[in-house]
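Asker: I am attaching a structure below and will ask some questions about it afterwards.
The values are calculated or read from the model by the stated rules, or taken from the named source; none is laboratory data. Just so we're clear, the structure is a prediction, and the values are computed from it rather than from any experiment. Cβ placement follows ideal geometry from the backbone for every residue including glycine, while neighbour counts extend to all protein chains displayed.
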Amino acid sequence: MYAYFNVSEKEYLNYLKSKEQGSNTRSSVVQLILADGKTFAQKGKIETVESVFEANTGSIAFWAKFPNPSHLLKHHSSGTVRLAYDADNALLLPQKAAFEVQDQNFVYVVDKDNKVKTRNFQPESRFSHFYIVESGLKAGDQVVYEGVQDIRDGVEIKPSFVPMDSILAANP
């Protein structure tokens, strides 16, 4: 069974970078998340990448082939294709913690006095419910995870720590 999907130019470049770094097999393997949110048991393999980006969307089409021994997948079924992406020492940021202003990405960072400060960051890439941070944040920075719409720069808060493991478990 074939899955047709589009990826952004940035995701395409990450895919090429991953292939160049010697993880050819891993970068060509994809997962299919079914409409009910469950992961399809069989992994797919990217077989074709279109040669031209779509002018309107800036995306490029991929084709991946999935084994379908149980005939669960049907023509015109929908789902989400997940590309593998290798990242060493990556700093993950939940998308829920970020907000955009005029095409720039921001978070609220909590200082030692529990006051929040707006900080700009650059995402390297985005996947699932997370950003991989390229710059602007460092390991150990405490960011506001929930309630970013209700606070402003300089406000003092009473933070409660939420372990990243629990955020990862809640957002597979």
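Asker: Between a first residue in segment 5-17 that is closer than 12 Å to Val49 by Cβ and touching a residue at least 24 places away in the same chain (Cβ under 8 Å) and a second residue that is aromatic (Phe, Trp, Tyr) and assigned to a strand (DSSP E or B), which pairs have beta carbons less than 8 Å apart while being 6 or more apart in sequence or on different chains?
Answerer: Filtered contacts from segment 5-17: Phe5/Phe62; Asn6/Phe62; Val7/Phe62.
Asker: Separate question: Report yes if Ser70 is surrounded by 12 or more Cβ atoms within 10 Å (Cβ to Cβ), out of contact with any Phe, Trp or Tyr (no Cβ under 8 Å at 6 or more places or on another chain) and not hydrophobic (A, V, I, L, M, F, W, C), otherwise no.
Answerer: Numbers: surrounded by 12 or more Cβ atoms within 10 Å (Cβ to Cβ): no; out of contact with any Phe, Trp or Tyr (no Cβ under 8 Å at 6 or more places or on another chain): yes; not hydrophobic (A, V, I, L, M, F, W, C): yes.
No, not satisfied.
To keep it simple, each residue is scored yes or no on (1) over 20 Å from the mean Cα position of the chain (by Cα); (2) over 26 Å from Glu124 (Cβ atoms); (3) at pLDDT below 90.
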{"site": "Asn14", "(1), (2), (3)": "no, no, yes"}
{"site": "Val29", "(1), (2), (3)": "no, no, yes"}
{"site": "Gln42", "(1), (2), (3)": "yes, yes, no"}
{"site": "Phe62", "(1), (2), (3)": "no, no, no"}
{"site": "Phe66", "(1), (2), (3)": "yes, yes, no"}
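So that you can scan it fast, the table gives a plain yes or no per residue for (1) touching a residue at least 40 places away in the same chain (Cβ under 8 Å); (2) outside the structural domain of Phe40 (by TED's automatic domain parsing); (3) not hydrophobic (A, V, I, L, M, F, W, C):
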position: His71; (1), (2), (3): no, no, yes
position: Phe99; (1), (2), (3): yes, yes, no
position: Val109; (1), (2), (3): no, yes, no
position: Phe130; (1), (2), (3): yes, yes, no
position: Val144; (1), (2), (3): yes, yes, no
position: Ile157; (1), (2), (3): yes, yes, no
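Asker: If you scan segment 97-125, which residues turn out to be outside any strand (DSSP E or B) and under 18 Å from Ile167 (Cβ atoms)? Before you say what the answer is, go through the steps one by one.
Answerer: In the first step, residues of segment 97-125 are kept if they are outside any strand (DSSP E or B); the result is 97-98, 102-103, 111-114.
Across segment 97-125, the qualifying residues are Ala97, Ala98.
Asker: Filter segment 126-172 down to the residues that are assigned to a helix (DSSP H, G or I) and within 18 Å of the chain's Cα centre (by Cα), then identify the one that is surrounded by the most Cβ atoms within 10 Å (Cβ to Cβ).
Answerer: First pass over segment 126-172, keeping only residues assigned to a helix (DSSP H, G or I): 148-150, 164-170.
Checking which are within 18 Å of the chain's Cα centre (by Cα) leaves us with 164-170.
On the way: Met164: 12, Asp165: 8, Ser166: 9, Ile167: 17, Leu168: 14, Ala169: 9, Ala170: 10.
By that ranking, first place goes to Ile167.
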